Every structure is written in structure tokens, then in C-alpha cells.
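The values are calculated or read from the model by the stated rules, or taken from the named source; none is laboratory data. Since this is a predicted model, take the numbers as computed values, not measurements. Cβ placement follows ideal geometry from the backbone for every residue including glycine, while neighbour counts extend to all protein chains displayed.
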Amino acid sequence: MPNDTGLVPPLPRADIIAAALPGLTAMRKTLPAMLFYDQEGCRLFYRITELPEYYLTRTEMALLPTLPTDIVPSGMRDGILVEFGGSDETKARFLLDRPGRPFSAYMPIDVAAESLEAMRVRMARTQPWLSVLPVVGDFMQPLRLPGVAGRAMGFFPGSTIGNLDPVAAAGFLRSARQSLGEGARFLLGADLRKSPKVLLPAYNDAAGVTAAFNLNVLRRLNREAGADFDLASFRHEAVWNDAESRIEMHLISTRDQEARLADTAIRFREGESIHTENSYKHRQETLIQIVRDAGWNLLKVFQDDAGLFAELLLQA
């Protein structure tokens, strides 16, 4: 997920249409969550992280500094911290700046090349002792990372793992294990299953920022792909799917209507949904099964006092 709202790489119109059209023409309409993150989407997301209802970011930011020093192997020298989806160093610094500076290099992986370069320049000023080695690529795919074998620790904060269904989550973790090599450690952030009374306000905030974030995906299709969605005729809805243990975000058509994208008519009935995102909230035992299915050993689980959020320490 992009972390620098000023440096989001634009997508070609054809790529946006190719990403959006199959789901919009399916029997149950969907849009891929990747389309959320244009510049406006990133700006709105960072407003969300500061909302009183959105406990995730502040809970993880409070948890990370409390982790014990031995999460990094004592025998590791010249270690490399590999952050998957890292285009902002804020959370990584809780590991990079630990006493003794266990890492000599930081390797953030993201598709946003400009964001990565801006971070490299920024960190050259703030942490000149550290080698910053950005990798431009899709962290969901196996990546060849020369020089990390035996030296690496993976980092995947922010509960992005919850945006993947359990099969895809295990696939990502398997791919990360392959990229990091045997013996590597991995610190995984994950939001935990809890009462919908806590979960739902985080996705239905009183200020309407999450609603604006969700509706912005249609605004982006209008602006960048020539669609003609009437935003006033859709409303945001976030629901708790207890059977799947996930929050679902939807855009609900408030009337019978038709929109066009790439000369294709997309018809909506009143009350029909476009399913835009899932955010899985697993029990701890479910998370442990996912990481074991991916070939990782669980070393330790760290949680905040309220049991809202967890950091799982894994070893390949």
C-alpha cells in the first residue's frame, strides 16, 4: 500500500480498465482494492489512520517499541531488514534504530519506484550509517533478493495480510520465505478478530472519511478511465461477515441505473453492491495455521494489552 501520497505512480488507462471491467461485469460486482490508491485515495487513507475509530495504526505503533531486543538473532551481523510493501520507513525505524543497530541495510520492496527513491534520499540524511537498497517490484510474487540469504529479517506491518484471503495470505508468506531464504526471521503484523462493536466503527467512521475513500474508486474510474458513474447514486457500506471473519466494504447503488466504462454498459439494480475490499480479522490460532501452512515456524506472538493487534515472530 502506498505510503507517500505525493508519489503514487499513475496507471495507464488501459490497465485501469483491464483491472476494473471484469469485476464490474460479473454477476456479483467487484472492484480490486488496488484501485483505491491514487493520490486522493492515499490522502484519504492517511486521514483514516488518524481517526479516533481507527485503532489499528496507533495500536501497532504503540506495540512495536515494546518488542524485546532478541527478536533479532543475537548472532546476526550486518543484517538486512526486508520490508514488503514498504514505501515509508516510519514503522521500520522501530527495528532499524534499536540499540546496537542490528541492521546495516534496509531493503524496502514496493511497486512505487518514485516513493522508494524519495525514501532512499530522505534516509541518507536521517540515517547515514544505513545502506538503503530499494527493490521495485510486486512483493506478492517470488523475488530474487541477492545477498540476503542468512542475513535477512522480513517485515510486513500494518495488517495488510488481512486484505488477502487465507489461501492468498499463505501464498504470499510462502513466496516471502523463498525470497528471504532458510533461517530468516519474519515479523508479521495482523489485526485480530474482536467484537463487531469495535471493528465496524473503524470502517464506518462518523466523519465519513472511509465513505469518501470508498467512493473515490468510482471518481478515479471517471477521471482516469472515462467512466460516467454518478457518485451521488452510490453509498458506502461496511459490514461484518461473521462466517468469513472479515469486514467487507461495499458501494451500494441507491437506484436502478446504468454506467458506462470503455463502451460497456454496466447496469445496477437499486440496492445492488460493488464489493470493493475485504479485511480479514483472524483468531490467533487461525493465523498460526496460515503461517505454518506457508512453511514458517512460529517463535512468539506479541499482543497489546487489549488483545486488539498482534505481531507474529516467525522463522523459516
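Pairs please, first residue from the range 240-264 and closer than 14 Å to residue 25 by Cα, second anywhere and at pLDDT 95 or above and exposed (fewer than 15 other Cβ atoms within 10 Å of the Cβ), Cβ atoms under 6 Å, 6+ apart in sequence or on different chains.
Filtered contacts from the range 240-264: 258/265; 258/267; 259/228; 260/228.
Need at least 2 residues that are under 30 Å from residue 214 (Cβ atoms), touching a strand residue (DSSP E or B) at 6+ places or on another chain (Cβ under 8 Å) and of a type outside the set (Val, Ile, Thr) per element, so show me which strands (runs of 3 or more DSSP E) inside the range 265-316 make the cut, counting only ones lying wholly within it.
273-280, 309-315
Take residue 146 and tell me if it is touching a Lys or Arg at 6+ places or on another chain (Cβ under 7 Å) and either part of a loop (DSSP other than H, G, I, E, B) or in the same structural domain as residue 34 (by TED's automatic domain parsing) (or both).
In short, no.
Quick one: in the range 141-173, which of the residues that are surrounded by fewer than 15 Cβ atoms within 10 Å (Cβ to Cβ) and in contact (Cβ under 8 Å) with a residue 40 or more places away in the chain is nearest to the chain's Cα centre (by Cα)?
That would be 165.
Among the residues of the range 127-153, which ones are under 11 Å from residue 104 (Cα atoms) and polar (S, T, N, Q)?
Scanning the range 127-153 gives 127, 131.
All but one of (1) out of contact with any strand residue (DSSP E or B) (no Cβ under 6 Å at 6 or more places or on another chain); (2) free of Cβ contacts under 8 Å to residues at least 40 places away in the same chain; (3) of a type in the set (Ser, Thr, Tyr); (4) crowded, with 23+ Cβ neighbours inside 10 Å hold for residue 115; which doesn't?
That leaves (2) as the condition not met.
For residue 128, are the conditions met, namely being surrounded by fewer than 18 Cβ atoms within 10 Å (Cβ to Cβ), in the same structural domain as residue 74 (by TED's automatic domain parsing) and not in a helix (DSSP H, G or I)?
The answer is yes for residue 128.
What tally of residues in the range 57-105 results from selecting those that are of a type in the set (Asp, Glu), crowded, with 17+ Cβ neighbours inside 10 Å and in contact with a Phe, Trp or Tyr (Cβ under 9 Å, 6 or more places away or on another chain)?
Final tally of qualifying residues: 3.
Looking at (1) under 17 Å from residue 313 (Cα atoms); (2) over 18 Å from the mean Cα position of the chain (by Cα), find the lone condition where residue 130 falls short.
It is condition (1) that residue 130 fails.
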